[in-house]
1. What is the sum of charges, Lys and Arg at +1 and Asp and Glu at -1, for the other residues whose Cβ falls under 14 Å from the Cβ of Asp19?
2. Please give, to one decimal in nm, the separation of the simple spin-label points placed at Ala205 and Asp17, each 7 Å out from Cα toward the Cβ.
3. Alpha carbon centre of the stretch 55-74 versus the stretch 129-183: separation in Å?
4. Provide, as a two-decimal number, the C-alpha radius of gyration of the chain over 2.2 N^0.38 Å, N being how many residues it has.
5. Please list the radius of gyration and Dmax for the stretch 15-91, considering alpha-carbon atoms only, with Å as the unit.
6. Provide, in order from the shortest bin, the percent of all Cα-Cα pairs of the stretch 213-300 in each 10 Å bin, continuing until the bin that contains the maximum pair distance.
7. What does the extension gain come out to for Glu119 and Ser61, with contour length at 0.36 nm per residue minus their alpha carbon separation?
8. Could you report the accessible area of Phe221 in Å², rounded to 10, computed with a 1.4 Å probe on the protein chains as they sit in the structure?
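The values are calculated or read from the model by the stated rules, or taken from the named source; none is laboratory data. Not measured: the values here are computed from a predicted model. Don't worry about glycine lacking a Cβ; one is built from the backbone with ideal geometry, like all the others, and counts go over all protein chains shown. We work out accessible area using only protein heavy atoms, side chains counted, and drop any ligands, DNA or RNA first. Shrake-Rupley method; radii C 1.70, N 1.55, O 1.52, S 1.80 Å.
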Amino acid sequence: MNEFRLFPQSASSISGDVDRAYFFLIAVATFFTGLIFVLIVYFALRYSRKRNPNPEHVHTSYTLEIVWTIIPLIIVIVIFSWGAKIYVHALTVPDGAMEIHVLAKQWMWKTQHPTGQREINELHIPVGRPVRLMMASQDVIHSFYVPAFRIKRDVDPGRFNQMWFEVTAAGEYHLFCAEYCGSGHSSMIGRIVAMDPGAYQQWLAGTPAQEPPVRSGEKLFVQFACNTCHGQRAPTLAGLYGRRVQLADGSTLIADDNYIRESILSPNAKFVAGYPPLMPTYQSLMSEEQLIDLVAYIKSLKNAAGDTGILPVPPK
Ligand code: CUA
């Protein structure tokens, strides 16, 4: 019976907030449903033809109109602002979150730790530390869902999706795919193993590590000859991540994971101001796994100040 719960465990830093908002919604809905049913029965009896043979003419009461407009308005404003606050918090990745790579495919979850350890349908993580998932799909839309953490995010092919959480209690939690993705969808399940930081370090030490993503990305950077242009004829990538970039069409954007991804696959989509559009496309030359690694490497590049910096825009 322990496996069958009416309500999932609550094990992340936001799950308590999500539950309180959820129970508030249930309470509001239950109250008004009950009120409406009671009034239906009361009015049906009170104003039946037998008890009320000559109906009076009813005049509009503005007080009543205003009251039953204002009260629901206040309630929905509360629901909206409360929900929006939780949603924004759930979307805003805290600084210093540990980045885990997730690759979804029919029908499994492949995960990789910053130190290189790979897992299939499993993810070991430390308790009490924000974890950011950088997720990509190799085929169709999947959805990463951990009920105990109250988080769920689609993983779309052709882009990176991110999500973060911080686990509050050690234990094992269900991982589901929550988007129908083919005949093996129901078997696309796994578990999240949350461990105390010390136990996690031990787990890392005892698990054979493949090459860390940043190292693999560094090799790809040379293998695809990115280094022959970037920093010379093409803008340097050092300090690019997270900075505002000036584009050739006059607009600007923040260089995030998806911008770097798009610039590798479709370089001309958003071209940096001041440089000739010479970069070839790497569409169909790179697997999703290679893209994740390459982007991880580019994100790791610091500029001379040891920090991130604005892309240099040379004089025209
Ligand atoms: Cu993957 Cu459903």
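1. Details: positive: Arg5, Arg20, Arg150; negative: Asp17.
So the surrounding residues net to +2.
2. About 3.6 nm separates the two model spin labels.
3. 47 Å
4. Numbers: Rg = 26.8 Å, N = 316, 2.2 N^0.38 = 19.6 Å.
Computed over Cα atoms of the chain, the ratio equals 1.37.
5. That works out to 18.7, 60 Å for Rg and Dmax.
6. Taking every Cα pair in the stretch 213-300, the percentages come to 17, 56, 25, 1.
7. Numbers: separation 58, 0.36 × 58 = 20.88 nm, distance 6.63 nm.
14.3 nm is the gain from fully extending Glu119 to Ser61.
8. 20 Å²
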